Amino acid sequence: MHTPKSSNARTKYEADGFYLFPEPIIDHVVIHRAVEGMDAVRAGEYETGTPPRPSAWNPGDDPKKLCKIEMSQIANRAIMELVSQPSIGKLAAEITGAEMVQVWWVQLLYKPPVEPHEITSTNIGWHQDRHYWQVWEPGSELLTAWVALSDVTPEAGPMKFVRGSHKWGLLGQSNFYGQDHEAQRAEIDVPDGETWAEVPAILPPGGISFHDNFTYHGSGPNLSGKPRRSFAVHLRTEKSKPVDNLRGGLTEFIDIPTYCPVIYGR
Ligand SMILES: O=C(O)CCC(=O)C(=O)O
């Protein structure tokens with residue numbers, strides 16, 4: 001298990017807009033159970049009796065497509081166990097200095113393998129999460145813990161972060177489903193004096209990365225021959241507030257701890 005030197009991790013997170021923990025920080029038994037949970041949810045088996053929230057991919061859809069399922073932790077106990085890990089909250093608190101860390105939304109991500117010249121739509125286009133998260137007040141402290149459940153090698157279509165891009169403001173050029181990274185990149189107005197430097201997040205099962213909600217990121221095809229499995233666990237700290245304190249859309253469940261557990265502080 002990996003223990004970061006917290007002050008170094010925080011300084012690096014603040015400078016880069018992301019931080020990688022490239023050694024497993026989550027027990028392999030928890031990971032194994034979550035993999036089974038992922039397969040059950042993908043098959044439409046909901047052990048709690050509660051289905052996930054409406055999603056872009058549904059059981060029975062094309063297995064060759066990128067599978068993104070919203071809030072699967074409410075459908076499956078092993079997934080809830082994974083996203084509730086205190087170690088995730090502790091590390092998030094270390095890199096942000098937060099007093100409280102809450103899971104407010106979770107996305108199951110299963111990127112199937114493709115052949116090198118196969119035409120598919122499994123890329124995740126360059127985007128800033130904040131583009132999609134307008135339900136939160138400006139200045140809200142929001143970040144993502146991306147937990148790897150499979151070996152995310154350079155061939156597996158790892159997430160790529162653009163170093164320092166969290167300091168560029170909200171640029172308005174984001175498309176999660178954009179497939180042509182080069183064309184997308186040409187449209188992004190990189191501020192004068194800044195450079196576009198991509199850093200791949202290579203992670204073993206149980207490894208984790210954190211990224212700021214303004215950090216540009218995306219990912220390419222999975223050429224590893226095996227599924228790339230992960231959960232994007234979206235987190236907030238005490239320095240966050242829904243716009244007009246409303247509950248709706250992505251903030252709908254933040255008062256329900258059985259959906260959105262507080263994983264550090266209270
Ligand atoms: O899984 C990926 O490649 C991207 C996920 C993502 O956009 C996120 O976690 O915010």
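Would you confirm whether any residue within the stretch 135-148 is of a type in the set (S, T, Y), within 16 Å of the ligand (Cβ to nearest atom), farther than 24 Å from V262 by Cβ and in contact (Cβ under 8 Å) with a residue 60 or more places away in the chain?
Looking through the stretch 135-148, none of the residues is of a type in the set (S, T, Y), within 16 Å of the ligand (Cβ to nearest atom), farther than 24 Å from V262 by Cβ and in contact (Cβ under 8 Å) with a residue 60 or more places away in the chain.
Restricting to the stretch 48-75, and then to whatever is on the phi < 0 side of the Ramachandran plot and aliphatic (A, V, I, L, M), can you tell me which residue is surrounded by the fewest Cβ atoms within 10 Å (Cβ to Cβ)?
Among residues in the stretch 48-75 that are on the phi < 0 side of the Ramachandran plot and aliphatic (A, V, I, L, M), the one surrounded by the fewest Cβ atoms within 10 Å (Cβ to Cβ) is A56.
Residue by residue through the stretch 1-36, note down the ones that are at pLDDT below 95, surrounded by 20 or more Cβ atoms within 10 Å (Cβ to Cβ) and over 21 Å from P154 (Cα atoms).
none
Yes/no per residue for (1) out of contact with any strand residue (DSSP E or B) (no Cβ under 6 Å at 6 or more places or on another chain); (2) within 14 Å of the ligand (Cβ to nearest atom); (3) of a type in the set (S, T, Y):
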| site | (1), (2), (3) |
| --- | --- |
| T48 | yes, no, yes |
| G60 | yes, no, no |
| L66 | no, yes, no |
| Q85 | yes, no, no |
| G89 | no, no, no |
| P116 | yes, no, no |
| Q128 | yes, yes, no |
| W133 | yes, yes, no |
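Could you please find all residues in the stretch 110-128 being hydrophobic (A, V, I, L, M, F, W, C) and surrounded by fewer than 21 Cβ atoms within 10 Å (Cβ to Cβ)? Steps first, please.
Going through the stretch 110-128, the residues hydrophobic (A, V, I, L, M, F, W, C) turn out to be 114, 119, 124, 126.
Hits for the stretch 110-128 are V114, I119.
Would you pick out the residues in the stretch 224-257 that are surrounded by 13 or more Cβ atoms within 10 Å (Cβ to Cβ), under 23 Å from E155 (Cα atoms) and more than 17 Å from the chain's Cα centre (by Cα)?
Matches in the stretch 224-257: S224, K226.
Being in contact with a strand residue (DSSP E or B) (Cβ under 6 Å, 6 or more places away or on another chain) and either surrounded by fewer than 17 Cβ atoms within 10 Å (Cβ to Cβ) or at pLDDT below 95 (or both): is that true of E198 here? Talk me through it step by step, then tell me what you get.
Working: in contact with a strand residue (DSSP E or B) (Cβ under 6 Å, 6 or more places away or on another chain): yes; either surrounded by fewer than 17 Cβ atoms within 10 Å (Cβ to Cβ) or at pLDDT below 95 (or both): yes.
So E198 passes the test.
Whether any residue in the stretch 20-37 is within 14 Å of the ligand (Cβ to nearest atom) and either farther than 18 Å from P227 by Cβ or charged (D, E, K, R) (or both) is what I want to check.
yes
Is it the case that Q102 is part of a strand (DSSP E or B) and more than 13 Å from the ligand (Cβ to nearest atom)?
Criteria met by Q102.
Do any residues in the stretch 250-262 that are over 19 Å from I69 (Cα atoms) have Cβ atoms under 6 Å from those of residues that are modelled with pLDDT of 95 or more and surrounded by 12 or more Cβ atoms within 10 Å (Cβ to Cβ), where the two are at least six apart or on different chains, and which pairs are they?
Listed pairs, sorted by first residue: V262/Q102.
Consider the stretch 129-141. How many of its residues are surrounded by 20 or more Cβ atoms within 10 Å (Cβ to Cβ) and in a strand (DSSP E or B)?
Of the residues in that region, 0 qualify.
Just to be sure I understand the filter: pairs with C-beta atoms under 7 Å, separated by 6 or more residues or on different chains, first member in the stretch 84-111 and free of Cβ contacts under 8 Å to residues at least 60 places away in the same chain, second member buried (at least 20 other Cβ atoms within 10 Å of the Cβ). Which pairs pass?
Taking only residues 6 or more apart or on different chains, not a single pair turns up.
The values are calculated or read from the model by the stated rules, or taken from the named source; none is laboratory data. All values reported here derive from a predicted model rather than from experimental measurement. All Cβ positions, glycine included, derive from the backbone under ideal geometry; neighbour counts span all protein chains shown.
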